[in-house]
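Trainee: First, the structure itself, so that you have it in front of you.
The values are calculated or read from the model by the stated rules, or taken from the named source; none is laboratory data. Given the structure is predicted, the values throughout are model-derived calculations rather than measurements. Cβ sites come from the backbone with ideal geometry, for glycine too, and all protein chains shown count toward neighbours. For the accessible areas, the whole protein counts, side chains as well, though only heavy atoms, and no ligand, DNA or RNA atoms are used. Shrake-Rupley method; radii C 1.70, N 1.55, O 1.52, S 1.80 Å.
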Amino acid sequence: DGQVGSKVIVIGDTPADITCARAIHAFAVGVATGGATYDELARAEPDLLIRDLTDTRELLNQVAA
């Protein structure tokens, strides 16, 4: 329904975090801040993949969509 509050969101920096999100049907956000590389996270196919959290506007826009 487009409301951020109605979604469960998992934000993580490893492919296991993406797997966790999938297991509970959550919106999966991969953040390449150290747990895994950007490419490793991309292979896990998160709903959103970002390099870091410096631009939270991008994250919020994507989650709200």
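Trainee: How many residues, within the range 21-41, are β-branched (V, I, T) and assigned to a loop (DSSP other than H, G, I, E, B)?
Mentor: Of the residues in that region, 3 qualify.
Trainee: Would you be able to tell me the number of residues in the range 42-59 that are in a loop (DSSP other than H, G, I, E, B), modelled with pLDDT of 95 or more and surrounded by fewer than 17 Cβ atoms within 10 Å (Cβ to Cβ)?
Mentor: Total meeting the criteria: 1.
Trainee: If I filter the range 24-41 down to residues being over 16 Å from V10 (Cβ atoms) and hydroxyl-bearing (S, T, Y), which single residue comes out as surrounded by the most Cβ atoms within 10 Å (Cβ to Cβ)?
Mentor: By that ranking, first place goes to Y38.
Trainee: Kindly list, by first and then second residue, each pair from a residue in the range 44-65 that is under 15 Å from T33 (Cα atoms) to a residue that is open to solvent by less than 70 Å² (accessible area, probe 1.4 Å) and part of a loop (DSSP other than H, G, I, E, B), limited to pairs with Cβ atoms under 9 Å and residues at least 6 apart or on different chains.
Mentor: The qualifying pairs are L49/A32; I50/A32; R51/A32; D52/A32.
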